[in-house]
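Presented below is the structure to which this report refers.
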Amino acid sequence: MKTRIKELRARYDLTQEDLARKVGVRRETILFIEKGKYNPSLKLAYSIAKALETTIDDLFIFEED
Amino acid sequence: MKDKIGIVVGIGIAAAVLVTLSFFVLNAGNLELNEIIPPGIVLILVASALYILWDRIKNVRKGLPAKDERLKLTNYKAGSYGFIAAIWSAVFAPVSSEIFFDYELPGSQVTAVVVLCGGLAFMISYLYLAWKGS
């Protein structure tokens, strides 16, 4: 799964730590989501999308294996 | 607040284990190599636990949660691996001791092996999964 979190973070001038604080997770969790190493829960995906003023569909790009 | 209580309780438990361990080592006299291994493993477990606590303190100081959904998942996974290791060692330790060393392990030693194997498997898998990402 690819994400546009890094791109949108840059648009809003947010660091990983800023975003982590906004959505209530640890910085490493944001890092692993950006790298595609961790699939967040629907609740966290929604929180991140809301914090970056976008939708889950726009934020995550699902790839068939 | 819940995070801070968890950290304080964790530090308290680690301190209690270290005090108990130091009492054991001070009163044990001359220890042989095979007698040093169990306290050594306990020391590794305590050091790993202190590292995890230090990591949590660092996050709480930054205003981030000590634990989030990823770490809770890591905890569950590591817990299940620790449980499997404990069950496996409970069966393997007495059987292998009899087969390879012709020595019947007393119940207390089997318990020690089970606790140490379970703890070690938990700690290794927790640190690995936390570092790997999922």
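For this structure, a couple of remarks:
- B:Lys58 passes every criterion in (1) under 20 Å from B:Ile124 (Cα atoms); (2) basic (Lys, Arg); (3) not assigned by TED's automatic domain parsing to the domain that holds B:Leu120 apart from (1).
- Residue in segment B:7-30 that is within 22 Å of A:Ala20 (Cα to Cα) and either outside the structural domain of B:Gly119 (by TED's automatic domain parsing) or aromatic (Phe, Trp, Tyr) (or both) present: yes
- As for segment A:36-46, it holds at least one residue that is more than 12 Å from chain B (Cβ to nearest Cβ) and not in a loop (DSSP other than H, G, I, E, B).
- Condition check for B:Leu73 on (1) in contact with a helix residue (DSSP H, G or I) (Cβ under 8 Å, 6 or more places away or on another chain); (2) in contact (Cβ under 8 Å) with a residue 24 or more places away in the chain: one failure, at (1).
- Exclusive hit being over 12 Å from the mean Cα position of the chain (by Cα), in a helix (DSSP H, G or I), of a type outside the set (Lys, Arg) and modelled with pLDDT under 90, set B:Asn34, B:Asn30, B:Asn75, B:Asn59: B:Asn34
- Picking from residues in segment B:76-103 that are more than 30 Å from A:Asn39 (Cβ to Cβ) and touching a helix residue (DSSP H, G or I) at 6+ places or on another chain (Cβ under 8 Å), the one that is surrounded by the most Cβ atoms within 10 Å (Cβ to Cβ) is B:Ser89.
- The C-beta contact set for segment B:22-38 (first residue among the hydroxyl-bearing types (Ser, Thr, Tyr), second residue outside any helix (DSSP H, G or I) and surrounded by 10 or more Cβ atoms within 10 Å (Cβ to Cβ), distance under 9 angstrom, 6+ apart or interchain) is empty.
- Condition broken by B:Ser108, with the remaining ones in (1) surrounded by 12 or more Cβ atoms within 10 Å (Cβ to Cβ); (2) outside the structural domain of B:Gly6 (by TED's automatic domain parsing) satisfied: (1)
- Within the option set B:Ile52, B:Ile11, B:Ile7, B:Ile41, being surrounded by 14 or more Cβ atoms within 10 Å (Cβ to Cβ) and within 14 Å of another protein chain (Cβ to nearest Cβ) holds for one residue only, B:Ile52.
- Within segment A:10-30, if we keep just the residues that are closer than 23 Å to B:Leu73 by Cβ and more than 8 Å from every other protein chain (Cβ to nearest Cβ), the residue that is surrounded by the most Cβ atoms within 10 Å (Cβ to Cβ) turns out to be A:Ile30.
- If only residues of segment A:31-47 that are closer than 21 Å to B:Lys132 by Cβ and of a type in the set (A, V, I, L, M) are counted, the one that is surrounded by the most Cβ atoms within 10 Å (Cβ to Cβ) is A:Ile33.
The values are calculated or read from the model by the stated rules, or taken from the named source; none is laboratory data. All of these numbers come straight from a predicted model, not from anything done at the bench. Heads up, the Cβs are rebuilt from the backbone with ideal geometry, glycines too, and the neighbour counts pull from every protein chain shown.
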